[in-house]
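To start, the structure under review is shown below, and the notes come after it.
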Ligand SMILES: [Zn+2]
């Protein structure tokens, strides 16, 4: 699995990019300020986006990514997340007020964006990777992911344990890479929100 860290910060400054990892050149794990990091051709090569949660520093790049590739696309950009995360995007971003509803543009029959809800307790196959997930502890609905291929697995909690006074992490992307037989995530506030690898 090829992993490219495009950004890992909770805000933006020159040289500091919000959370986004690129896997195997076609899958984005969270979508921070990706359009500042990738060429247009690289953006067009992205087929799938996997979102941990809908805080701005984890999804602000999606609005501009879909707009950039709209006229280049041969197929819609698929966005995968638990249903509550996708609903937040529908309600507060792609609502034809803050930003156009690209799940219905350029046409409802052939949109630029497809939302795909992950089912709790079920694995998914996304961009050639096996995806397992569980809810992790954060202020909003957040998923931690285990992404696997033949070489091994990567755990991504979506939120680090430490929090600022504002309640948001604002810190580095938490990621752990090692071989593992089965992922376990602590669930619910009050426990450690970082993933546990066994
Ligand atoms: Zn957050």
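Checking the a/c ratio against 1.5 first, then a/b against b/c, what shape does the Cα gyration tensor give for region 12-57?
Because a/c hits 1.5 or more and a/b fails to exceed b/c, region 12-57 counts as oblate.
Please figure out what share of the DSSP beta bridges in region 3-178 is antiparallel and state it in percent, rounded to the nearest 5.
Taking every DSSP beta bridge with both residues in region 3-178, the antiparallel ones total about 70 percent.
Beta carbons within 10 angstrom, averaged per residue: use that to sort the peptides 49-55, 139-145, 103-109, highest first.
Packing proxy ranking, top to bottom: 49-55, 139-145, 103-109.
From the square roots a ≥ b ≥ c of the eigenvalues of the alpha-carbon gyration tensor of region 3-178, which class results: rounded (a/c under 1.5), prolate (a/b over b/c), or oblate?
It is rounded, given that a/c, with a ≥ b ≥ c, falls under 1.5.
So how far apart, in nm, are the two label points at residue 39 and residue 74 if each is 7 Å from Cα heading toward Cβ?
Using points 7 Å along Cα→Cβ, the separation is 1.8 nm.
Values quoted throughout were computed directly from the atomic coordinates according to the rules given, and no laboratory measurement underlies them. These figures come from a predicted structure and were not determined experimentally. Positions of Cβ are backbone-derived with ideal geometry, glycine not excepted, and every protein chain shown enters the neighbour counts.
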